[in-house]
1. Evaluate the range 1-60: find the radius of gyration of its Cα atoms, find its Kirkwood radius, and give the ratio Rg to Rh.
2. In terms of modelled amide H atoms, which long-range or inter-chain residues lie less than 5 Å from the amide H of Glu316?
3. Apply 1/(1 + (r/R0)^6) to the Cβ-Cβ distance of Ile226 and Lys286, taking R0 = 22 Å, and write down the FRET efficiency to the nearest 0.05.
4. What is the calculated FRET efficiency for Arg237 to Asp94, with r their C-beta to C-beta distance and R₀ = 22 Å, to the nearest 0.05?
5. How high is the FRET efficiency from Asp271 to Ile2, r the C-beta distance, R0 30 Å, rounded to 0.05?
6. When only alpha-carbon atoms are used, what values of Rg and Dmax, in angstrom, describe the range 31-78?
7. Using the basic label-point model (7 angstrom from Cα toward the beta carbon), what is the Ile30 to Ile259 distance in nanometres?
8. Would you compute, from DSSP H runs of 4+ residues alone, the mean residue ellipticity of the chain at 222 nm, taking -39500 (n - 2.57) per run and dividing by the full residue count, rounded to the nearest 500?
Amino acid sequence: MIHSNEITFTKMQGAGNDFIVFKKEDIKVIPNKQFSPDSSEGVRSGASLTIEDLSVISKKLAHRKLGIGCDQLIIVADSPNADTDYEMLIFNSDGSQASMCGNGIRCFSKYIIDNSVKSIHDKDNKNNGSSGSGGSSDDGESSSNESENAIVHRVHTLAGTIICSTDKSQIGSKNNGDSYYREDTMLVKVNMGNPYLLRTNDNTLLVPNDRTILVPTPNPSTDKPIYLERVQVDERRAIDVVLVSMGNPHCVIFLQDNIEKGQLPEGTDIDTMDISEIGQKLAKHKMFVDSCNIEFVSSTKANHFKARVWERGAGETLACGTGACAVAVATVLVGKSLPEQQISINMPGGELLIDWNANENFGKVFKTGPATSVFSSVIKI
Ligand SMILES: N[C@@H](CCC[C@H](N)C(=O)O)C(=O)O
């Protein structure tokens, strides 16, 4: 090995979905003198590392026995444009790069606040991470996502700009006038953007691009909406699913509907079923352009649902933020939720609250949930 890396990181979790979070520039690339004793190279910052380098590092760190262990790596980087404050890079535990992570972005925002990470675009130094960009905007987020008292981060992701808002009261009170006492957990509300029709290998003619906004079909009993699909899991089984993109792909399975159609066995129970069997098969189904995240859902009472997730690139996780949004959107689309009311999605690691009304706030989906710091340390790999 010619180089080793020393990384200062924070282990975080959001509703039990766990992350290793660090700044890209906080990776120190150290030349290994044992293998290149004559090299004049000194310690470099990780700022110059490529996506391939970060993918290799992520896979090592994410390993639950040989590394630190996590579902995703969340890397804080400088934003490539002046419209956003920061960039968030995401890697699944298998090293694949993801476009968006709903639980991770709340932890990202808490990390920025806790570490006073500066935005390179904040020339006046107004935004030291805890003051926020204040970012009101014309695309609907300002009405529901922020207030005078909120710290707002506009984050560049591969899924587009995502806006996080944390009420200042979440940050804790001033301690002795010179430092902040920080709670381990803060609640963060995120404008997750619009839900989109998921483009698959089968529907490319009907869904010509990845940015076709999803809206409820006016007459679902007579039209077969494009987001409903019957998927052949294997030779003996087909399952009805709802397909939603939250900037990353989701395939939502309502258990009871499939039991009633005889497509899942009577007695299939969300708490005890083995989701890995169907999850793995569907995740790599040929209809998906680049694999898929699979959500299993049962209803508890009006606007309350239980869900478990098989994540592409990470397997079963205790929660998935984009997954919770996709589930909530799917429940509205198929008439299981009232869009005027908040939707509660309970996953094994905790509850996420989703607001989506296709006719308000430009059809954006809002998600509220916790972000928790577990510990910080340094690792050499
Ligand atoms: N845990 C995440 C989603 C992470 C990415 C996903 N596995 C993918 O590959 O799309 C969340 O909270 O949204």
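1. Ratio of gyration radius to Kirkwood radius for the range 1-60: 1.06.
2. Those lying under 5 Å, H to H, from Glu316 are Glu311.
3. It comes to 0.75.
4. Working from the Cβ atoms, E equals 0.25.
5. 0.05
6. Cα only, the range 31-78: 13.7, 39 Å (Rg, Dmax).
7. Each label point lies 7 Å from its Cα, and together they span 5.5 nm.
8. Computed ellipticity for the chain at 222 nm equals -4500 deg cm²/dmol.
Rule-based calculations on the coordinates, nothing more; no lab input. For clarity, every value in this text was computed on a predicted model and none was experimentally measured. Using ideal geometry, Cβ is built from the backbone for each residue, glycine included, and neighbour counts are taken over all protein chains shown.
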